[in-house]
Amino acid sequence: MRRGLLLGIIALAACSPPPPDAKAFADDPDAAIRAVADCDAGARHPDCAASREGLAEARRRDRMDAYARTFGEP
């Protein structure tokens, strides 16, 4: 019985999705904002660094888009 339970737990852990990386957060800035706010509030998540990096990339993209609209493509 215990062996089956242990195998079930291992199988569930193996099927869990990997934590989002910086690119995933850059593609979803709302999720990045929420994750960064959680991290700033003191929550300890393994994806704090990735969320901050992704948020910075999303903001950089927004600035580059604004630049391109204003001055044309660089």
Rounded to the nearest 10 Å², what accessible area does residue 21 show when all protein chains are kept and the probe is 1.4 Å? 90 Å²
Within segment 43-57, whose backbone N sits under 16 Å from a point 7 Å along Cα→Cβ of residue 27? 51, 54-55, 57
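Around residue 22, under 12 Å between beta carbons, what's the net of Lys plus Arg minus Asp minus Glu among the other residues? Mind showing how you got there, number by number?
On the way: positive: 23, 52, 60; negative: 21, 27, 28, 47, 53, 57.
Residues near residue 22 contribute -3 overall.
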Of 73, 57, ordered by accessible area with the largest first and a 1.4 Å probe, the sequence is 73, 57
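The values are calculated or read from the model by the stated rules, or taken from the named source; none is laboratory data. Given the structure is predicted, the values throughout are model-derived calculations rather than measurements. Neighbour counts run over all protein chains shown; Cβ positions are idealised from the backbone, glycine included. What goes into the accessible areas is simple: the full protein's heavy atoms, side chains included, and nothing from ligands, DNA or RNA. Shrake-Rupley method; radii C 1.70, N 1.55, O 1.52, S 1.80 Å.
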